[in-house]
1. If I filter region 8-18 for residues that are over 14 Å from R93 (Cα atoms) and surrounded by 20 or more Cβ atoms within 10 Å (Cβ to Cβ), do I get at least one hit?
2. I need the full set of residues from region 67-87 which are of a type in the set (D, E, K, R) and either outside the structural domain of I55 (by TED's automatic domain parsing) or at pLDDT 95 or above (or both), in order please.
3. (1) surrounded by 13 or more Cβ atoms within 10 Å (Cβ to Cβ); (2) outside any loop (DSSP other than H, G, I, E, B): which one isn't true of A121, the others all being true?
4. From the residues in region 25-60 that are out of contact with any strand residue (DSSP E or B) (no Cβ under 6 Å at 6 or more places or on another chain) and of a type in the set (G, A, S), which one is farthest from A102 (Cα to Cα)?
5. For the condition free of Cβ contacts under 8 Å to residues at least 12 places away in the same chain and either more than 25 Å from the chain's Cα centre (by Cα) or crowded, with 21+ Cβ neighbours inside 10 Å (or both), what is the one hit in D183, D187, D240?
6. Could you say which residue among A150, A154, A176 is over 28 Å from V216 (Cα atoms) and under 17 Å from the mean Cα position of the chain (by Cα)?
7. State yes or no: is L137 within 23 Å of G3 (Cα to Cα), of a type in the set (A, V, I, L, M), assigned by TED's automatic domain parsing to the domain that holds Q222 and touching a Pro at 6+ places or on another chain (Cβ under 7 Å)?
Amino acid sequence: MNGCAAFLAAHGAVIRVRITRVRGSSPREEGVVMYVAPEAVYGTIGGGQLEYMAIDEARALLARDGAVAEMDVPLGPEIGQCCGGRVEIALERMDEAMRREAAEAEARELEVRPHLYILGAGHVGRALADLTQHLPLRTVLADGRAAELALCKAKVETALTPLPEALVREAPAGSAFVILTHDHALDFLLAAEALGRGDAAYVGMIGSATKRASFVSWARAQGGTVEGLTCPMGAGRSGDKRPEMIAALVLGEVVASLGAKAMSPVG
């Protein structure tokens with residue numbers, strides 16, 4: 001158990017804070033929720049003064065043993081925000097039915113998250129996993145080397161497998177694949193497998209322009225496609241070869257390919 005379900009299980013009294021109406025510009029959209037307990041918060045309605053006000057109101061509601069409250073907040077200079085819009089917020093003490101609904105909604109959202117397969121758990125693969133653990137992605141870090149996978153401390157899925165190409169074949173449509181194993185031949189095999197699907201959101205392979213040219217020659221000799229391959233990836237184009245920099249720039253490419261809408265959480 002993790003996420004929302006774990007938060008609700010850990011706190012007996014919780015207020016659900018939900019944006020019910022937005023007029024003009026605001027930090028978050030209608031339907032977004034945040035959960036507030038006396039000493040903890042899960043989620044966000046956009047941060048800033050609006051969120052601080054909502055947390056204070058939720059805790060005041062808990063303190064007076066109230067059940068519901070409403071807020072109507074103009075996002076102007078009077079509260080220290082400059083969005084210029086206006087939001088209405090509903091605050092409700094959560095009962096068991098609401099708790100079940102929240103946990104089920106999160107489970108559904110997790111099921112439809114875009115999949116990112118990081119194929120190779122070396123320095124760059126682990127750095128990328130560290131970044132993606134904070135995003136609404138289902139990340140799988142795969143390698144055939146147990147020692148390398150053990151070095152990953154990120155909260156992502158890991159797969160110890162001698163056949164990472166099987167993961168590529170079984171991935172859902174619209175997945176993203178970042179290929180950076182310790183073996184160029186394996187990189188070529190995995191890139192060909194991912195490109196051959198024809199439905200990947202992103203296929204990136206670490207390496208130089210020379211490696212790309214070698215792959216193109218190899219793939220064409222095999223009768224495969226090179227359409228849609230990103231190589232060099234990220235920092236391979238900037239010359240900065242630090243793993244953290246490569247990971248950050250690759251992640252930008254991946255997120256842009258997956259699309260912001262596909263990564264938007266369910267309210």
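The values are calculated or read from the model by the stated rules, or taken from the named source; none is laboratory data. Quick caveat, the model's predicted, so the values are computed rather than measured. Glycine gets a Cβ as well: all are built from the backbone with ideal geometry, and neighbour counts include every protein chain shown.
1. Step one: list which residues in region 8-18 are over 14 Å from R93 (Cα atoms), which gives 9-10.
So of that shortlist, the ones also surrounded by 20 or more Cβ atoms within 10 Å (Cβ to Cβ) come out as none.
No, region 8-18 has no match at all.
2. Here is the first cut: in region 67-87, the residues of a type in the set (D, E, K, R) are 70, 72, 78, 86.
Once the filter is applied, which keeps residues that are of a type in the set (D, E, K, R) and either outside the structural domain of I55 (by TED's automatic domain parsing) or at pLDDT 95 or above (or both), region 67-87 yields only E70.
3. All conditions pass for A121, except number (2).
4. By that ranking, first place goes to S25.
5. Details: D187 fails: free of Cβ contacts under 8 Å to residues at least 12 places away in the same chain; D240 fails: either more than 25 Å from the chain's Cα centre (by Cα) or crowded, with 21+ Cβ neighbours inside 10 Å (or both).
Residue meeting the stated conditions: D183.
6. Working: A150 fails: under 17 Å from the mean Cα position of the chain (by Cα); A176 fails: over 28 Å from V216 (Cα atoms).
Of the residues listed, the single one that is over 28 Å from V216 (Cα atoms) and under 17 Å from the mean Cα position of the chain (by Cα) is A154.
7. Yes: the conditions hold for L137.
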